[in-house]
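Notes follow once the structure below has been shown.
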Amino acid sequence: MEGLARPFFSFLSSTTAVQSIRTASVRVRALPSPLPPPLQSNVEGDLDRPRYTGNDPLSRFVSSLIAIKPLFDVMKLVARQVFIRTAEKNGVDWRGMANEILASDVYVEKELLENKSLVYPDYYLKEFHAYEEGNLSWEAASEVAPATLSMMLRTTPTAKSAAEATQVLRSAWLQAISSHHQMYSGGQGVSSVLDIGCSIGDSTRELADWFPDAHVTGLDLSPYFLAVAQYMEKQRISSGLGRRRPISWVHANGECTGLPSSSFDVVSLAFVIHECPQHAIRGLLKEALRLLKPGGTVSLTDNSPKSKVLQNLPPAIFTLMKSTEPWMDEYFTFDLEGEMEKIGFMNVNSIMTNPRHRTVTGTAP
Ligand SMILES: C[S@@+](CC[C@H](N)C(=O)[O-])C[C@H]1O[C@@H](n2cnc3c(N)ncnc32)[C@H](O)[C@@H]1O
């Protein structure tokens, strides 16, 4: 869950303060600006990646603890409690938000959008984020929103609220996409955006707000998460916040989407690839390249192996984090920028968009 989870941001961010930040961001976006400068150099630690990942002795020790079933069972419960406490201490009503989803009409949405013939990749069927059925359950889907807010608060401890933490994190990511696209697309506008691994649609709604003239599609492997995404979007529309271009939701594997080649200006993967083994990350990158128009922009935002905060996490926290993230070693040892270039992306750039996360962007030839 440390990579991120997912919020009711569209609702929470509708305060006047946040609106004015967003208006300012939109103005900045219209100007031809260079990539945002990296945050101060002190966000990067001394190592290439945290010692508790990969094949280092500390990493192997932590993994051997997690492999002991009774210990693992305790760790995942504690990890869950840490997230719930962070949320509740900051005024996020974890149980209330989850119960609201479970008591809603969300179940109908799953019937409407589920692709029943979809074959799930093996890596996706593992126990995940302390849920035995991984992302394939109503329990997981109902807790995504408060879990995301909890993550936002842990990433931005100086923020005064979950909405402010979310705003800080999301606007730096969106600005990185816009800046890359302005610099390298040769003047191509943004009329179509694909959000792979959209979960309950928080990143998708952010992209749709940021690129209001674009047709935005959210795609995910979990029909439960997509059902919440569609339900929340319908709630938003019925509260009078409709869009000129409605969002489309697709239940598919991001490695083989079945969508037409060269059809998107921007393909985004926000906090997806730390949840995937290396072969799947390669599959997602190849599919993104196929889907992008020439000059289009791919963006991947996720944990930065170079983050000083992540490198210096206290042992108890990183052990808990590893116990809920089965693909963490594969993610932290993956040379993302190098693989993107090998696969065929040009202009590959990586910047720290907050003290824990980097946003890596590239251009389709
Ligand atoms: C942490 S969530 C993403 C959060 C969301 N993008 C945001 O920023 O709020 C990761 C998502 O990736 C999805 N996912 C993992 N592998 C996938 C794949 N091969 N194709 C599509 N979605 C995938 C999971 O189902 C999960 O919803």
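Per this entry, SER248 is not counted among residues that are on the phi > 0 side of the Ramachandran plot, at pLDDT 95 or above and surrounded by fewer than 21 Cβ atoms within 10 Å (Cβ to Cβ). Here PRO34 passes the criteria (1) part of a helix (DSSP H, G or I); (2) at pLDDT below 85; (3) loosely packed, with under 13 Cβ neighbours inside 10 Å except the one numbered (1). PRO355 meets each of the listed conditions (1) farther than 29 Å from ALA67 by Cβ; (2) modelled with pLDDT of 95 or more; (3) surrounded by fewer than 22 Cβ atoms within 10 Å (Cβ to Cβ) apart from (2). Of the numbered criteria (1) over 20 Å from ASP220 (Cα atoms); (2) buried (at least 20 other Cβ atoms within 10 Å of the Cβ), the one ALA159 fails is (2). Of the residues screened, LEU169 is not one that is within 10 Å of the ligand (Cβ to nearest atom), crowded, with 18+ Cβ neighbours inside 10 Å and over 24 Å from LEU310 (Cβ atoms).
Conditions tested, residue by residue: (1) in a helix (DSSP H, G or I); (2) buried (at least 18 other Cβ atoms within 10 Å of the Cβ); (3) among the acidic types (Asp, Glu).
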site	(1), (2), (3)
THR53	no, yes, no
SER59	yes, yes, no
SER64	yes, no, no
VAL74	yes, no, no
PHE83	yes, yes, no
ALA98	yes, yes, no
LYS110	yes, yes, no
LYS116	no, no, no
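Residues to consider are PHE264, PHE271, PHE225; find the one that is over 30 Å from GLU44 (Cβ atoms), near the ligand (Cβ under 9 Å from one of its atoms) and touching a residue at least 60 places away in the same chain (Cβ under 8 Å).
PHE225
ARG236 fulfils the conditions (1) surrounded by fewer than 24 Cβ atoms within 10 Å (Cβ to Cβ); (2) under 28 Å from PHE128 (Cα atoms); (3) basic (Lys, Arg) except for a single criterion, (2). Across region 321-365, the number of residues qualifying as in a helix (DSSP H, G or I) and of a type in the set (Gly, Ala, Ser) comes to 2. Scanning region 138-170 for residues that are at pLDDT below 95 and either among the hydroxyl-bearing types (Ser, Thr, Tyr) or not in a helix (DSSP H, G or I) (or both) yields THR148, SER150, THR155, THR156, PRO157, THR158, ALA159, LYS160, SER161, THR166. Please work out if ASP122 is within 12 Å of the ligand (Cβ to nearest atom) and loosely packed, with under 12 Cβ neighbours inside 10 Å. Considered against the rule, which asks whether it is within 12 Å of the ligand (Cβ to nearest atom) and loosely packed, with under 12 Cβ neighbours inside 10 Å, ASP122 comes out as yes. If you go through region 172-204 and keep only what is of a type in the set (Phe, Trp, Tyr) and crowded, with 20+ Cβ neighbours inside 10 Å, you end up with just TRP173.
Under the condition of being touching a helix residue (DSSP H, G or I) at 6+ places or on another chain (Cβ under 8 Å), closer than 20 Å to HIS181 by Cβ and either within 13 Å of the ligand (Cβ to nearest atom) or in a helix (DSSP H, G or I) (or both), the residues counted in region 274-297 number 3. Filtering region 298-320 to residues that are in a helix (DSSP H, G or I), at pLDDT below 90 and surrounded by fewer than 22 Cβ atoms within 10 Å (Cβ to Cβ) leaves PRO315, ALA316, ILE317, THR319.
Inspect all residues belonging to region 88-95 and state whether any of them is within 30 Å of ILE281 (Cβ to Cβ) and either hydroxyl-bearing (Ser, Thr, Tyr) or more than 14 Å from the ligand (Cβ to nearest atom) (or both). Even if it seems obvious, please write down each step before you answer.
Taking region 88-95 and keeping what is within 30 Å of ILE281 (Cβ to Cβ), we get none.
Within region 88-95 (the criterion being within 30 Å of ILE281 (Cβ to Cβ) and either hydroxyl-bearing (Ser, Thr, Tyr) or more than 14 Å from the ligand (Cβ to nearest atom) (or both)), the answer is no, since none of the residues qualifies.
Does at least one position in region 341-349 carry a residue that is buried (at least 22 other Cβ atoms within 10 Å of the Cβ), of a type outside the set (Val, Ile, Thr) and either touching a Lys or Arg at 6+ places or on another chain (Cβ under 7 Å) or modelled with pLDDT of 95 or more (or both)? Yes, region 341-349 contains a residue that is buried (at least 22 other Cβ atoms within 10 Å of the Cβ), of a type outside the set (Val, Ile, Thr) and either touching a Lys or Arg at 6+ places or on another chain (Cβ under 7 Å) or modelled with pLDDT of 95 or more (or both). Filter region 309-337 for residues that are closer than 15 Å to LEU47 by Cβ and polar (S, T, N, Q) and give the result. Those that are closer than 15 Å to LEU47 by Cβ and polar (S, T, N, Q): GLN311, ASN312, THR333. Filtering region 198-222 to residues that are part of a helix (DSSP H, G or I) and more than 10 Å from the ligand (Cβ to nearest atom) leaves ALA208, ASP209, TRP210.
The set of residues in region 183-197 being more than 7 Å from the ligand (Cβ to nearest atom) and of a type in the set (Gly, Ala, Ser) consists of SER185, GLY186, GLY187, GLY189, SER191, SER192.
The values are calculated or read from the model by the stated rules, or taken from the named source; none is laboratory data. Owing to the predicted nature of the structure, the values given are computational and were not obtained by experimental measurement. Note that each Cβ is placed from the backbone with ideal geometry, even for glycine, and that neighbours are counted across all protein chains shown.
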